[in-house]
Amino acid sequence: MIRLEGVSKVFKGDVVALKNASAEIQRGEFVFLVGPSGSGKSTFIRLLNREEVADEGRITVAGKDVGEMSSWRVPYLRRQIGYIFQDYKLLPKKTVYENVAFGLEVIGRPRQVIRTQVPAILELVGLSRKADRLPDELSGGEQQRVSIARAFVNRPLILLADEPTGNLDPATSVGIMRLLDRINRSGTTVVMATHDRSIVDTMRRRVIELDRGVIRRDESQGVYE
Amino acid sequence: MLSRLWYYVRETFVSLWRNLSLTVAAILTVAISLSLVGASLLIREGADRATAQFQEGVEFIVFMRADASADQDGAIRDVLDNSPAILGYSYVDKAAAYAEFQELFSDKPELVESVTAEVMPPSYRIVPANPDAGNVAEMARQFGEQPGVKEVATATDAIRQIEDFSNRVSQALLVAAVVLVGVSALLILNTVFTAIGARRQEIEVMKLVGATNWFIRIPFMLEGTIHGLIGAALAVPALFVVDDRVLAYFQESDAVPLFRGFAVPEGFVWDTSIWLLVIGGVVGMIGSAVAVTRYMDV
Ligand SMILES: Nc1ncnc2c1ncn2[C@@H]1O[C@H](COP(=O)(O)OP(=O)(O)OP(=O)(O)O)[C@@H](O)[C@H]1O
Ligand SMILES: [Mg+2]
């Protein structure tokens with residue numbers, strides 16, 4: 001599903017974000033990216049989505065060479081990739097329902113599809129009763145559920161998560177992780193960058209550890225350290 | 001497909017509305033600049049038409065009185081036929097003069113109806129052997145003293161006046177218009193840029209979930225194009241006012257008889273209007289395309 005072969009990324013001022021990284025992630029895997037701040041976790045994720053382009057090496061996502069891909073194809077790549085963040089990136093003036101619907105609307109999905117898919121996904125994330133709320137009327141955990149709903153409503157092959165529990169308390173984080181686990185069990189590949197030791201240690205999934213852009217460790221049922 | 005169309009229309013108008021003050025400024029600038037472009041084109045066309053009689057070497061025109069006798073007419077024709085100073089001439093009789101009048105004022109039937117061929121002055125359009133200004137003036141003076149002659153219009157007077165007038169006015173207008181068209185493009189660019197800024201969160205999410213660049217661009221480009229089109233649409237009535245008031249003023253003025261030819265048919269005004277709409281739309285589209293491209297390709 002995802003393959004990196006000798007990938008390097010250097011930013012201006014010789015900041016090495018990723019150095020000769022190679023990894024292969026199978027369909028349906030759940031992968032934690034761990035490592036200290038600045039070690040290249042976000043860069044790893046952004047390269048998969050073609051928000052950044054590698055300087056060296058090759059990245060393949062869902063059978064497509066992401067680096068070689070012409071830019072007009074990038075949106076179609078992104079339609080196969082859900083993406084969630086620490087800060088949710090919800091639109092403050094749209095309701096929960098509208099935020100999720102927006103994700104389908106702007107990729108040209110027909111209205112009947114939106115009308116059936118949005119309630120279904122809100123049901124999945126447990127927010128059916130709050131469909132008409134605005135984001136700032138929700139707790140952080142609920143907002144993250146909305147962003148997961150938006151990322152998953154198009155049933156992507158891959159879900160990228162960059163510190164999705166970074167702003168949440170432990171109990172709420174567990175709820176979010178249960179949701180991501182459910183999504184993963186339905187066949188979606190999940191790649192998640194995190195600093196949350198207890199989550200990694202409880203879930204016991206594959207762990208890729210980065211250190212100054214180098215893959216230090218890649219274990220199939222790993223722990224945080 | 002229908003829902004996508006609805007999306008574009010909705011997003012475009014929401015954005016226009018949010019940005020109202022800049023939108024109004026952009027539209028008015030387009031309207032003013034295109035009015036000037038149009039006025040300049042009309043004046044130029046009017047001048048071309050007014051000087052049409054003086055083409056092919058004709059340097060002066062002897063207008064006979066409508067009631068000139070056959071003898072008086074014959075005397076003039078005699079001079080024209082025999083004088084070595086005259087290279088050639090053409091005679092425009094009452095019927096031809098009337099036909100020309102009809103054509104010039106085709107959009108003013110009441111004016112055409114108010115005259116008959118009987119009252120039209122027949123005229124001689126004269127090509128002198130020596131087109132030198134002093135010589136032409138002297139010949140014009142001599143013809144003017146002949147009995148039966150109503151007046152003599154020389155190309156040197158009339159054409160210079162008209163060409164001077166039209167050149168100066170239409171060029172000044174055109175320069176102002178070009179500057180203002182540039183200003184309108186910049187204003188539209190800015191308005192669209194502001195509109196984009198107001199929705200950068202939406203755009204970020206759109207890119208994230210895989211909206212195509214065109215999908216993101218189109219509402220903004222529509223917005224700019226609509227600025228241009230509305231501005232141009234406002235310039236169209238202004239054009240008719242110019243045609244009605246300004247050009248009519250010259251037609252009615254007695255100061256220079258040839259200004260009476262300074263009429264532009266309604267068809268030309270409509271054609272010009274279509275051009276204004278095209279220019280407006282294109283300026284709006286270009287302005288917004290630049291804004292969108294600059295923003296999107298960070
Ligand atoms: N757009 C950029 N321009 C310049 N340098 C960048 C850019 N993005 C990341 N970097 C640098 O690349 C390195 C890796 O950054 P990255 O964001 O991938 O780290 P991270 O592991 O996600 O850190 P954190 O845990 O703090 O989120 C850092 O030194 C960072 O400063
Ligand atoms: Mg990061």
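The values are calculated or read from the model by the stated rules, or taken from the named source; none is laboratory data. Predicted model, so just to flag it, every value in this text is computed and none were measured. As a convention, Cβ positions derive from the backbone with ideal geometry for all residues, glycine included, and neighbour counts pool all protein chains shown. Heads up: the accessible areas ignore ligands, DNA and RNA and are worked out on the full protein's heavy atoms, side chains in. Shrake-Rupley method; radii C 1.70, N 1.55, O 1.52, S 1.80 Å.
Could you please let me know if A:GLY6 is within 16 Å of ligand 1 (Cβ to nearest atom), open to solvent by less than 30 Å² (accessible area, probe 1.4 Å) and touching a Lys or Arg at 6+ places or on another chain (Cβ under 8 Å)? Considered against the rule, which asks whether it is within 16 Å of ligand 1 (Cβ to nearest atom), open to solvent by less than 30 Å² (accessible area, probe 1.4 Å) and touching a Lys or Arg at 6+ places or on another chain (Cβ under 8 Å), A:GLY6 comes out as no. Of all residues in region A:201-225, those satisfying the criterion of being modelled with pLDDT under 95 and open to solvent by less than 30 Å² (accessible area, probe 1.4 Å) are A:GLY213, A:GLY222. For region A:100-144, name all the residues that are of a type in the set (A, V, I, L, M), within 13 Å of another protein chain (Cβ to nearest Cβ) and surrounded by fewer than 17 Cβ atoms within 10 Å (Cβ to Cβ). Scanning region A:100-144 gives a single hit, A:VAL113. Out of all the residues in region A:70-79, is one or more assigned to a strand (DSSP E or B), more than 16 Å from ligand 2 (Cβ to nearest atom), surrounded by 15 or more Cβ atoms within 10 Å (Cβ to Cβ) and within 14 Å of the chain's Cα centre (by Cα)? Scanning region A:70-79 turns up no residue that is assigned to a strand (DSSP E or B), more than 16 Å from ligand 2 (Cβ to nearest atom), surrounded by 15 or more Cβ atoms within 10 Å (Cβ to Cβ) and within 14 Å of the chain's Cα centre (by Cα).
Hey, any hits in region A:134-157 for a residue that's of a type in the set (Gly, Ala, Ser) and touching a strand residue (DSSP E or B) at 6+ places or on another chain (Cβ under 9 Å)? Before the answer, list the steps.
Step one: of region A:134-157, the residues of a type in the set (Gly, Ala, Ser) are A:139-141, A:147, A:149, A:151.
Among the residues that remain, those that are also touching a strand residue (DSSP E or B) at 6+ places or on another chain (Cβ under 9 Å) are: A:147, A:151.
Yes, because at least one residue in region A:134-157 is of a type in the set (Gly, Ala, Ser) and touching a strand residue (DSSP E or B) at 6+ places or on another chain (Cβ under 9 Å).
Out of the residues in region B:110-143 meeting the condition of being assigned to a helix (DSSP H, G or I) and touching a residue at least 60 places away in the same chain (Cβ under 8 Å), tell me which one is farthest from B:ARG77 (Cα to Cα). So, considering only residues that are assigned to a helix (DSSP H, G or I) and touching a residue at least 60 places away in the same chain (Cβ under 8 Å), the one farthest from B:ARG77 (Cα to Cα) is B:VAL136. Residues of region A:90-99 that are within 11 Å of another protein chain (Cβ to nearest Cβ) and either open to solvent by less than 50 Å² (accessible area, probe 1.4 Å) or farther than 15 Å from A:GLN143 by Cα (or both): A:LEU90, A:LEU91, A:LYS94, A:ASN99. Taking the condition open to solvent by less than 70 Å² (accessible area, probe 1.4 Å), closer than 21 Å to A:LYS89 by Cβ and within 16 Å of ligand 1 (Cβ to nearest atom), does A:LEU160 pass? Yes; evaluated as a whole, the condition is true for this residue.
Filtering B:VAL37, B:VAL79 for residues that are modelled with pLDDT of 80 or more and open to solvent by 50 Å² or more (accessible area, probe 1.4 Å) leaves a single hit, B:VAL79.
At least 3 residues that are in contact with a Leu (Cβ under 8 Å, 6 or more places away or on another chain) and of a type in the set (Val, Ile, Thr) in each: list the helices (runs of 4 or more DSSP H) lying fully within region B:1-93 that qualify. If you could, list the steps in order and put the result at the bottom.
Details: elements: B:2-18, B:20-50, B:70-82.
Those helices (runs of 4 or more DSSP H) span B:20-50.
I need the full set of residues from region A:157-174 which are among the charged types (D, E, K, R) and touching a Phe, Trp or Tyr at 6+ places or on another chain (Cβ under 9 Å), in order please. Passing the criteria: A:ASP162, A:GLU163. Of everything listed in (1) closer than 16 Å to A:GLU225 by Cβ; (2) in contact with a Leu (Cβ under 9 Å, 6 or more places away or on another chain), the single unmet condition for A:ARG204 is (2). Restricted to region A:48-65, and to residues there that are open to solvent by less than 60 Å² (accessible area, probe 1.4 Å) and touching a Leu at 6+ places or on another chain (Cβ under 7 Å), the residue that is farthest from ligand 1 (Cβ to nearest atom) is A:ALA62.
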